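Here, each number is a calculation from the coordinates, and none is a lab measurement. As the structure is a computational prediction, the values presented were derived from the model and not from experiment. Cβ placement follows ideal geometry from the backbone for every residue including glycine, while neighbour counts extend to all protein chains displayed.
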Amino acid sequence: MYLAHKLTLNPSRRTADLAMVIPSVKKLNPPVGRLRRYALLLACFLCASSCLALLGLNYGIQMTQLLPPRPKPASRNNNSSNYYAISTTEMEISDEEWERLQKALVWPGPDQQITQLNLSTSPVHSTFSIVGLKKSYRVGEKISVIITARDHNKNLKTYGGDFFKAKLFNSKLKASVYGEVVDHHNGTYSVVLLLPWEGQAQVFVRLEHSSEVVQILKKYRESSFPRGHYNGYFEGSGPNKTRISEVVQCNLKWGAEGSWRKRNCCCEYKDIKTGTVWQCERPKKLSCDKLVHHSSGGLESPLNAFENHLFTNKLTNVAITGDKININVLPNTAGKGTTERCRSGLTTPVPAGFYFKDVWKSFVCNTQQFNSTQMGNCLKNKIVYLLGDSTTRQWFEFLERSVPGLKRMDLHTPPIGGPLMAVELKNNIIVHWRIHGVPLRFSKMLITDLHYIANDIDEIAGGPHAVVVFTIAAHLVFHPVTFYIHEVAKIRQSVVALLSRAPQTTVVIKSGNTAGVKNIFQSDWYAMQLNTVMREMFRDIDGVIYLDVWQMTSCHYLQENVHPGPVIIANEVKMFLSYVCPL
């Protein structure tokens, strides 16, 4: 024990330790003495070797436990040579949560690289059919739809991964409801559609992306190919009291090797709270501390000729043929039942609601149709913090137009970039809007006005008068999902701290919208995956309301746009107010 203890504490002294424990053998006969001395030396050597081996084994086990699993890198079947290898420590989540997120984000696809266009999914030859179609149904019943995916040779696909969208609609009634597509991994898909209104309805299915395109989206999302850059504007004093301006390229730094390399790199800006590192090319004349403005920059497509062909309009976001007949829906005398009070902790079913005469009727809770006066009464003595991107700015603009007496203050900031503030003195209403920090594809604005959501939430005292709304999705689709997880983890820390110090604070997450753009830069598949991450990472946080506007923007008759039309915004805000002032 003495030997093992000494070797563990200080292995470099093992020779001296061995000498200390070898007994004196001077009085022994030479032959016998030499034999016993050799035996003792051999025993000590074996003992020391065993201890060192055990020490090394224990040390190796400890090191293995300290190394978190790394997310799978992107496929190397592209022209980019750098790939993200991010640990759970860098994402600031546990190994268990990463495994859970991986399962939630799983998306099937081809088991090999497809290099022939005719083997990809064809919107012309893919079809849908209604199972067991009847002459009439009752409100509240459901219909089942089967989608069959075929390639350009009319052959049934043998694997899944196609990104289909489905809904039920009635144009005259301005009614629609979302349907979730279930992938059976064999070229067939199913959708169960609720019949929530009386009258007629039709099924609509479209192929947004083939499974082959989704694989390309996945590949480049996790690749270090930048897909675009941002502009950094440096300004400072020059000779003879002149002003010098320089514009350079900037981008996110993410991963051990960084995600973006330039010849003259780099000025780095690390946020103390979030740990996010922003980097810009080093200006030729000015120092790194002279960064003043930020804006979006150019886009850089990584697609080769074959991949570009798969993204053409003829193959992307195309309606497929099927049983496009009128379904007759009769009234249901049994009634629809009542929904519960709007509050945090409620799950979001599919469908979460439906449109009827352009009014969203929620299946989650008892939403209200606020008029202008009711909006003002609901927000009386409230401070509303709208954080995120231009989609929450749409909420700010709607409240500004709709709440009587709510007036925008002149903060001497750009009307699009903000930050913005509106007040109503009679009822003591204050509404703030601020855009989130970089990465951000936006018009030119002061870098000092770009705050990370986590930092802004840390500055909010909270309380029964405070309402915090945030969204973050549209501007993060240009970057790896591991970075998005990191950003959400930081926001979650701040939300938990806010609710700990002020549990009566109302906290609302607005999901990302669907978008009109369906390409390598900004696809709905990206946004849907980010929505999944946000929902999963906040599902166990008490006191947080998750507002799923994805379904609201996906099934409406208006053309999909990252900035939804006024009708959709009005329904989103009124649903939000139903949580602030529940019945």
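Descriptive notes on the structure:
- Distance cut-off 15 Å, percentage of C-alpha pairs in segment 390-487 lying past it: 66 percent
- What the Cβ-Cβ distance of Thr115 and Lys380 gives, at R0 = 60 Å and to the nearest 0.05, is a FRET efficiency of 0.45.
- Taking every alpha-carbon pair under 8 Å whose residues sit at least 6 apart, segment 263-323 reaches a relative contact order of 20 percent.
- Residue-span extension gain [Ser171 to Gln559] - 0.36 nm each, minus C-alpha spacing: 138.4 nm
- Applying 1/(1 + (r/R0)^6) with r as the Cβ-Cβ distance of Asn153 and Val350 and R0 = 45 angstrom yields a FRET efficiency of 0.85.
- For segment 468-583: relative contact order, % (alpha-carbon pairs under 8 angstrom, 6 or more apart): 31 percent
- Å³ per residue enclosed by the Cα convex hull of segment 91-220: 159 Å³
- Simple point charges give the picture: +1 on the Cβ of Lys and Arg, -1 on the Cβ of Asp and Glu, and for segment 83-182 a dipole about the Cα centre of about 1260 debye.
- Extending 7 Å from the Cα toward the beta-carbon at both Val517 and Glu99 defines two label points whose distance is 3.8 nm.
- Shape class of segment 212-366 from the alpha-carbon gyration tensor: prolate, with a/c at 1.5 or above and a/b greater than b/c.
- For segment 316-367, the Kirkwood hydrodynamic radius comes to 14.3 Å, computed from all pairs of different C-alpha atoms.
- Among Ile545, Ala497, His563 the positive-end extreme of the charge dipole of segment 489-566 (Cβ point charges): Ala497
- Dipole moment magnitude, nearest 20 debye, segment 496-562 about Cα centre, only Lys, Arg, Asp, Glu C-beta charged: 120 debye
- Tyr546 long-range amide H proximity, modeled H, under 5 Å: Gly345, Ile509
- Calculated from backbone phi, Karplus (6.51, -1.76, 1.60) coupling profile of segment 454-462 in Hz, x at Gly/Pro: 4, 5, 5, 5, 4, 8, 9, 5, x
- Note that segment 437-442 has calculated 3J(HN,Hα) couplings of x, 5, x, 8, 9, 8 Hz, one per residue in order, obtained from phi through the Karplus relation 6.51 cos²θ - 1.76 cosθ + 1.60 (θ = phi - 60°); glycine and proline are x.
- For the pair Gln368 and Glu198 in one chain, pulling the backbone fully straight at 0.36 nm per residue adds 59.1 nm over the alpha carbon distance.
- Couplings 3J(HN,Hα) for segment 547-555, derived from phi with the Karplus relation 6.51 cos²θ - 1.76 cosθ + 1.60 (θ = phi - 60°), are 9, 8, 8, 4, 5, 5, 8, 7, 9 Hz, where x marks Gly and Pro.
- Take the Cα of Lys273, step 7 Å toward its Cβ, do the same at Ala497, and the gap between the two points is 0.7 nm.
- Mean-position separation - Cα centroids, segment 201-246 and segment 354-394, in angstrom: 31 Å
- 18 Å Cα-Cα reach of Lys284 towards lysines, excluding residues that sit fewer than 8 places from it in its own chain: Lys262
- Between the amide H of Cys342 and those of Asn366, Leu583, distances stay under 5 Å, these residues lying 5 or more places away or on another chain, with hydrogens modeled in the peptide plane.
- Using the Cβ-Cβ distance between Glu141 and Met409 with R0 set to 45 Å, the FRET efficiency from 1/(1 + (r/R0)^6) comes to roughly 0.30.
- Links that overshoot a 24 Å alpha carbon limit, given the list Lys407/Lys574; Lys154/Lys314; Lys165/Lys253; Lys172/Lys314; Lys285/Lys444: Lys165/Lys253; Lys172/Lys314
- Value of D in µm² per second that Stokes-Einstein yields for segment 435-549, Kirkwood Rh from Cα pairs, at 25 °C (0.890 mPa s): 165 µm²/s
- Relative packing of peptides 545-555, 530-540 - highest average C-beta neighbours within 10 Å first: 545-555, 530-540
- Test item: Cα-centred dipole of segment 196-311, Lys/Arg +1 and Asp/Glu -1 on Cβ, debye: 660 debye
- Computed Rg/Rh of segment 176-231, alpha carbon atoms with Kirkwood Rh: 1.17
- Of the peptides 507-518, 367-378, 303-314, the ranking by mean beta-carbon count within 10 Å, highest at the top, reads 507-518, 367-378, 303-314.
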